[in-house]
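The values are calculated or read from the model by the stated rules, or taken from the named source; none is laboratory data. Keep in mind that what you see is a predicted model, and the values were worked out from it rather than measured. When we count neighbours, we look across all protein chains shown, and the Cβ atoms used for this are built from the backbone with ideal geometry, even at glycine.
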Amino acid sequence: MNELRERKNQIREKFKDFRKAMDPALKSAYDSKICHRFMSLASYRFADALLLYAPLTGEIDIMPIAQDALKRGKTVAFPRCNPNEHTMTYYIVSSLDQLKEGSYGIREPDPSLPVYDPLKRKGENSVCFVPALAFDRLGYRIGYGKGYYDRYLSGFGGARMGVGYSACVVEQLPRGRYDTAVDFLVTEKGVITINAN
């Protein structure tokens, strides 16, 4: 287990360094391409609900997707971390102004907003966006190591959409028994459909 953690930490540091070194203008252009690629998909057109994330510095900025989805009247939700349990709860927002800085410096929704409960929304087309430092071609990811997304995705029945830069996609990453794969991966170069084992 310690060997797996060490391998993951080495990969984590490598891709953190890649992000830090990325030219801001290139990052902005890639982020825009990723957003446009997703918004051209049927997965977006037919989605009833989007579970998004508010990007940290270096993460892909998907806020244009949130703005467009709100204009189209789709349900838009963002996660709020429960640090004691390492879990997340998604809350439905009607405006991006409802996000305020919370755990880990992440912009989060207020807990007074309506909870997005996937169990009460069965039959709805929902897409959950999953950030990561790196992905592999089987859909597995290396995040920040806290397990929030793996815990949430284990009980999520909608489409799991990874977003990453093509330079951060490798053939295969080390993974543990609780790691959860995404179904699709969008990069600035295109969309990869995953068939995870």
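Residues to consider are Tyr144, Tyr140, Tyr148, Tyr91; find the one that is within 17 Å of Ala69 (Cα to Cα) and surrounded by 14 or more Cβ atoms within 10 Å (Cβ to Cβ).
So the residue among Tyr144, Tyr140, Tyr148, Tyr91 that is within 17 Å of Ala69 (Cα to Cα) and surrounded by 14 or more Cβ atoms within 10 Å (Cβ to Cβ) is Tyr91.
Can you pull out the helices (runs of 4 or more DSSP H) entirely within segment 16-124 that have at least 3 residues that are modelled with pLDDT of 95 or more?
Helices (runs of 4 or more DSSP H) meeting the threshold: 24-39, 63-71.
From Val182, Val191, Val186, grab the single residue that is under 29 Å from Lys71 (Cα atoms), assigned to a loop (DSSP other than H, G, I, E, B) and in contact (Cβ under 8 Å) with a residue 40 or more places away in the chain.
Checking each option against the conditions leaves just Val182.
For Ala77, indicate whether it is in contact with a Ser or Thr (Cβ under 6 Å, 6 or more places away or on another chain) and either in contact (Cβ under 8 Å) with a residue 12 or more places away in the chain or surrounded by 14 or more Cβ atoms within 10 Å (Cβ to Cβ) (or both).
No: the conditions fail for Ala77.
How about segment 125-151: which of its residues are in a strand (DSSP E or B) and of a type in the set (Lys, Arg)?
Listed by number, the list holds a single entry, Arg141.
I need the full set of residues from segment 95-111 which are farther than 22 Å from Gly73 by Cβ and among the small types (Gly, Ala, Ser), in order please.
Gly102, Ser103, Gly105
Among the residues of segment 29-49, count how many are surrounded by 15 or more Cβ atoms within 10 Å (Cβ to Cβ) and among the polar types (S, T, N, Q).
Qualifying residue count for the region: 1.
For segment 160-172, enumerate the residues that are crowded, with 18+ Cβ neighbours inside 10 Å and farther than 22 Å from Met22 by Cα.
Arg160, Met161
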